[in-house]
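I'd like to ask you about the structure that follows.
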Amino acid sequence: MRYMAAIVLAAALLSGCQGADKAGVNGSSQSPSSQTEVSPTAMSATPSPSAPSNTEEPLLYIEQLRIIGGGQLVQVKSNFDIDQRSLEQALKNSLQTSDPETEFRYTLEWESPRFVQIRLHLDEDSVWSGSFNLDEAVTADGRKYASTELPYRNTVVIRAGDGEGSLLFQGVTSGTRRVVPAWNTGWIKPVQTRESVAPSYLFYGQEKHHLVHALKGEALEIPAFPQEKDAYGNDYGYHEMYADRFYSGFTYMVSGNKTLYRVDLKDFTRKQLHTFNKPVYGMSSSPDGTRIAVLTAHDDYIGSGADLLVLDEKGNTLLSRENAVYLSHSDGFLFVYPLTWEDDSILLLPADSGEDNPLGTIRYDIGSGTSSVMQDERITDQVTKDIWEHERREKDYSLLSGLHWSPDGRFAAYTSGTGAIQVYDKQKRSFEFVAAGTLLGWMPDGTLAWADVGGHAYTF
């Protein structure tokens, strides 16, 4: 399942807190054997007499750590002696930051010819992120650490800030930037409302949720309901699943991946509409608010296939279709299946992305029962070639299915395999690092929105 792959990879690249205890020990070590400031002045390391055979592939082992009491370290170890000058130059040449005007300061501390600590001097109160790649570093005998099979292996993504989350908006061409205070969360749901063409974003929480209007910054606080009795477990961490549309005074919600409710947004009472016999994988309500589409497990276990149900506003079944959706993933993992209404008669259903379905989306007409693969004429052969070459991942259709196009069709934002947000300029055929965060999409005025919530968040 493409979402699982992206989640696992992003978690591996962006983790920093996992080894906090270990980081505390390393961060308080005695003076290192050599300490080098940012300028690349260190001499190449002398090869160790006990170096492995040259037939062994040179590898860098990179670990990101947060130090107890504050600060961050990036530890880089190798199975061969490292050419110190090449590593420093690789870091300097490849560094990209979310704010070019903010100085990125660090210290290189060489513990041995095969072990360097990159000590980061970051303002943890700022909303800042960056990335660098050590592919161009070489061993003391001149062999590169780059890998064609694992293009992200030597990429490091850094983020400052360890407090509350933020919602950010940036003009790609104008450079304007706006920050709205938000909440740390593991799931952000884009929500459409009738009152605005700009989306709102629902920040899920364990005790309460917050619906933030993107342009106004206003937030509606929604209390979490008690855990549903005999609820189905899931792997996204929240027992409530709200619809992707909020209406005047109400919306829909599935509790415990089991029971559908209509929720009053004034007094937050709820009315039970339907109880499903199998776990709910995903749900969406129609633009007019009179129908709710729900995907439930097809099998008696948590598998890849899902059945489609369309219910009316009272919870009565209007349409049922077995095996309407199939998304490849390991059995037993219940993640949200993304689906939405294109209009009041067309459902956009998820599918595996591939050569025959680059977007991974099926258009399903609930009236005629016909379906077709969704196309996007903006994704030309040139666009595909440019993105695959930049990411060094040929035939990776998940990159294409995750493109978010600007209103004028010139820019495409996407989440790279490193977990960082990139913007592709179709006109210049260039790429720009935006930030390490959760990509949310474009505003009607052409600004790009993303969230910094301390880690990866679902956006299904």
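Every number in this text was worked out from the coordinates using simple rules, so none of it is lab data. On a predicted model such as this, the values are computed, not experimentally measured, just so you know. Neighbour counts are summed over all protein chains in view; Cβ atoms, including those assigned to glycine, are modelled from backbone coordinates with ideal geometry.
Report the percentage of all Cα-Cα pairs in region 378-431 whose separation exceeds 18 Å, rounded to a whole percent. Spell out each step's value before the answer.
Working: 253 of 1431 pairs.
Of all Cα-Cα distances in region 378-431, 18 percent exceed 18 Å.
Take the residue pairs 216/426; 189/216; 92/144; 144/426 and return only those whose Cα atoms are more than 23 Å apart.
Working: 216/426 30 Å; 189/216 17 Å; 92/144 17 Å; 144/426 32 Å.
Those over the limit are 216/426; 144/426.
From the C-alpha coordinates alone, can you work out the Kirkwood hydrodynamic radius of region 83-169, in Å? Walk me through the numbers before you get to the answer.
Values: mean 1/r = 0.0693 Å⁻¹.
For region 83-169, inverting the mean 1/r across all distinct Cα pairs yields 14.4 Å.
Per the helix-only calculation at 222 nm, which mean residue ellipticity applies to the chain, given -39500 (n - 2.57) for every DSSP H run of n ≥ 4 and division by its residues, nearest 500 deg cm²/dmol? Mind dumping the intermediate values first?
Values: 5 runs with 48 residues, N = 460.
Value at 222 nm, helices only, nearest 500: -3000 deg cm²/dmol.
Return the Rg/Rh value of region 192-275, two decimal places, where both radii are evaluated on C-alpha atoms and Rh is the Kirkwood radius. Display every interim value, and only then the final one.
Numbers: Rg = 12.9 Å, Rh = 13.4 Å.
Dividing the radius of gyration by the Kirkwood radius yields 0.96.
Between residue 124 and residue 149, what is the label-to-label distance in nm when each label sits 7 Å out along the Cα-to-Cβ direction?
Result for the modelled spin labels: 3.9 nm.
Relative to the present Cα-Cα distance, how much length would full extension add between residue 429 and residue 112 at 0.36 nm per residue of separation?
Details: separation 317, 0.36 × 317 = 114.12 nm, distance 4.16 nm.
This chain segment gains 110.0 nm when fully extended.
Find out how many positive minus negative residues lie around residue 299, taking Lys and Arg as positive, Asp and Glu as negative, among other residues whose Cβ is under 10 Å from that of residue 299. Write down the numbers at each step before the final one.
On the way: positive: 278; negative: 300, 307, 331.
My count for the surroundings of residue 299 gives -2.
Any chance you could run the full-extension gain for residue 300 through residue 445? It's 0.36 nm times the residue separation minus the Cα-Cα distance, nm to one decimal.
Numbers: separation 145, 0.36 × 145 = 52.20 nm, distance 4.63 nm.
Extra length available between residue 300 and residue 445 comes to 47.6 nm.
Hey, what D do you get for region 211-320 in µm²/s if you plug the Kirkwood alpha-carbon radius into Stokes-Einstein at 4 °C and 1.567 mPa s? Please report the intermediate quantities before stating the final value.
Numbers: Rh = 14.6 Å.
In µm²/s, the coefficient rounds to 89.
Taking the C-alpha atoms of region 137-247, how large are the radius of gyration and the largest Cα-Cα span, Dmax, in Å?
Every Cα atom of region 137-247 included, Rg and Dmax give 20.3, 65 Å.
Next question. Give me Rg/Rg_expected for region 309-394, where Rg uses Cα atoms only and Rg_expected = 2.2 N^0.38 Å with N residues. Spell out each step's value before the answer.
Working: Rg = 16.0 Å, N = 86, 2.2 N^0.38 = 12.0 Å.
That ratio works out to 1.34.
Okay, moving on. Based on DSSP loop calls and a cut-off of at most 15 other Cβ atoms within 10 Å, the longest stretch of the chain free of exposed GluC sites (Glu not before Pro) is what?
Details: sites that count: 37, 56, 101, 103, 124, 149, 164, 195, 207, 218, 342, 355, 377, 394.
Here the longest run is 219-341.
Let me ask something else. Provide, in order from the shortest bin, the percent of all Cα-Cα pairs of region 330-460 in each 5 Å bin, continuing until the bin that contains the maximum pair distance.
2, 9, 17, 20, 22, 17, 9, 4, 1
Then there's this: Using unit Cβ charges (K, R positive; D, E negative) and no other charged atoms, how large, in debye to the nearest 20, is the dipole of the chain about its Cα centre? Display every interim value, and only then the final one.
On the way: 40 positive and 61 negative charges, 76 e Å.
Charge dipole of the chain: 360 debye, to the nearest 20.
Let me ask something else about it. Rounded to two decimal places and with Rh computed the Kirkwood way over Cα pairs, what is Rg over Rh for region 166-221? Let's see the in-between values first.
Details: Rg = 11.9 Å, Rh = 12.0 Å.
Across region 166-221, the Cα-based Rg/Rh ratio is 0.99.
Set the Förster distance to 45 Å, then compute FRET efficiency between residue 314 and residue 393 from the Cβ-Cβ distance, nearest 0.05.
On the way: r = 47 Å, r/R0 = 1.05.
Using R0 = 45 Å, I get an efficiency of 0.45.
Using Cα positions and a limit of under 15 Å, work out the aspartates and glutamates in reach of residue 314, with same-chain residues fewer than 8 apart set aside.
264, 288
Mind jotting down the three principal axis lengths of the chain based on Cα atoms? Whole angstrom, largest first.
On the principal axes, the chain reaches 75, 47, 45 Å in Cα extent.
Hey, if you put +1 on the Cβ of every Lys and Arg and -1 on every Asp and Glu Cβ in the chain, which of 434, 257, 308 ends up farthest toward the positive end of that dipole?
257
Please report the net charge: other residues with Cβ closer than 14 Å to the Cβ of residue 149, K and R +1, D and E -1. Show your work: numbers first, answer last.
Values: positive: 144, 153, 392, 393, 395; negative: 57, 135, 391, 394, 396.
Once all neighbours under 14 Å are counted, the net charge is 0.
Over what distance in Å are the Cα centres of region 397-432 and region 114-191 separated?
17 Å
Also, I was wondering about something else. List the aspartates and glutamates whose Cα lies under 16 Å from the Cα of residue 385, skipping any in the same chain that are fewer than 8 positions away.
The qualifying aspartates and glutamates are 355, 376, 377, 394, 396, 425.
Then there's this: Roughly how many whole Å is it from the C-alpha centroid of region 60-86 to that of region 239-311?
Between the Cα centre of region 60-86 and that of region 239-311, the gap is 46 Å.
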